[in-house]
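Report on the structure given below.
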Amino acid sequence: MRYCAFLRGVNVKGTAMKMADVSAVFQNAGMKNVVSVLATGNILFDSEKNEKQLKTVLEKSMADHFDYEAFMFIRKADFVSHALKNNPFTKSEEYHTYIFITSDDIVEELMNEFDKGKKSDGEAAKIVQKVFYWKIKKGDTLNSDFGKILGKKSFKDKITSRNINTFEKIVAKI
């Protein structure tokens with residue numbers, strides 16, 4: 001089975017990792033056909049294990065190797081393709097679109113958080129088939145009310161997000 005691991009907190013706030021080193025950790029943990037996509041912690045690989053088993057094995061391997069508290073989300077390759085295909089927002093040079101990779105049943109909580117905050121011009125969020133999408137004007141991501149919740153400690157093991165352009169690159173390598 002082909003999977004994508006989305007690592008959280010890679011190459012931000014002092015957690016620097018070379019993707020070649022991350023790929024080696026995955027290979028040493030028994031993963032096959034390991035390929036990294038960008039420097040933001042997106043790793044494609046093959047395994048016969050299920051997502052829950054992989055999360056346990058890979059988080060421990062990453063934590064042991066890099067000496068940090070590893071968080072990642074493991075999704076089957078078809079999730080990545082479907083999430084990209086189901087993007088409800090039209091691509092625009094003025095806006096970023098983010099796809100959220102989440103733990104179970106948090107998308108409604110994300111929508112509640114989004115609904116509570118003040119919105120910038122054109123900012124929008126939608127849930128499509130249990131996947132949360134967020135559109136925000138370029139340059140406003142970290143200044144928006146919703147953008148500020150993304151760094152909350154209470155969400156660190158529940159969400160990570162990737163720009164739609166990253167999803168396109170991942171799908172191109174699947």
Looking at this structure, is ASP105 free of Cβ contacts under 8 Å to residues at least 40 places away in the same chain and closer than 25 Å to LYS52 by Cα? yes
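Condition check ((1) assigned to a helix (DSSP H, G or I); (2) of a type in the set (Asp, Glu); (3) open to solvent by 50 Å² or more (accessible area, probe 1.4 Å)) across all residues:
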{"position": "GLY30", "(1), (2), (3)": "no, no, no"}
{"position": "LEU38", "(1), (2), (3)": "no, no, yes"}
{"position": "GLN53", "(1), (2), (3)": "yes, no, yes"}
{"position": "VAL57", "(1), (2), (3)": "yes, no, no"}
{"position": "ASP64", "(1), (2), (3)": "yes, yes, yes"}
{"position": "ASN87", "(1), (2), (3)": "no, no, no"}
{"position": "LYS91", "(1), (2), (3)": "no, no, yes"}
By residue number, the members of the stretch 27-83 that are in contact (Cβ under 8 Å) with a residue 24 or more places away in the chain, within 16 Å of LEU7 (Cα to Cα) and of a type in the set (Asp, Glu) are GLU51
Per the filter on the stretch 128-164, residues touching a Leu at 6+ places or on another chain (Cβ under 8 Å), assigned to a strand (DSSP E or B) and open to solvent by 20 Å² or more (accessible area, probe 1.4 Å) are SER161
Would the stretch 105-115 turn up any residue that is touching a His at 6+ places or on another chain (Cβ under 8 Å), open to solvent by 40 Å² or more (accessible area, probe 1.4 Å) and at pLDDT below 95? no
Flagged pairs (Cβ under 9 angstrom, 6 or more apart or on separate chains; first in the stretch 141-160, among the aromatic types (Phe, Trp, Tyr); second at pLDDT below 80) are PHE155/ILE149
Out of (1) more than 17 Å from the chain's Cα centre (by Cα); (2) closer than 26 Å to LYS55 by Cβ, the one ASP140 does not meet is (2)
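The values are calculated or read from the model by the stated rules, or taken from the named source; none is laboratory data. From a predicted model like this one, the values you see are computed outputs, not experimental measurements. Neighbour counts are summed over all protein chains in view; Cβ atoms, including those assigned to glycine, are modelled from backbone coordinates with ideal geometry. With ligands, DNA and RNA removed, areas are computed over all heavy atoms of the protein, side chains included. Shrake-Rupley method; radii C 1.70, N 1.55, O 1.52, S 1.80 Å.
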